[in-house]
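Everything below concerns the one structure shown next.
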């Protein structure tokens, strides 16, 4: 079993990395035709905000 804090940090890191993934693929135009660019931007912001919340507010 993982410590609760360690688990929370791992989940936060995953959320943050997903936000970076969204931005990187959007900038490389790999998501063209898959999702709207505004949705990818929005998703990246939400992912980073959730990660920050998990680290600092939980």
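Rule-based calculations on the coordinates, nothing more; no lab input. Quick caveat, the model's predicted, so the values are computed rather than measured. Every residue, glycine as well, gets a Cβ built from its backbone with ideal geometry; the counts of neighbours run over all protein chains shown.
Share of pairwise Cα-Cα distances greater than 13 Å in the chain is 60 percent (whole percent).
Within 10 Å of each residue's Cβ, count the other Cβ atoms and sort 3, 47 from fewest upward. Walk me through the numbers on the way to the answer.
Working: 3 8, 47 20.
Least to most surrounded, the residues fall as 3, 47.
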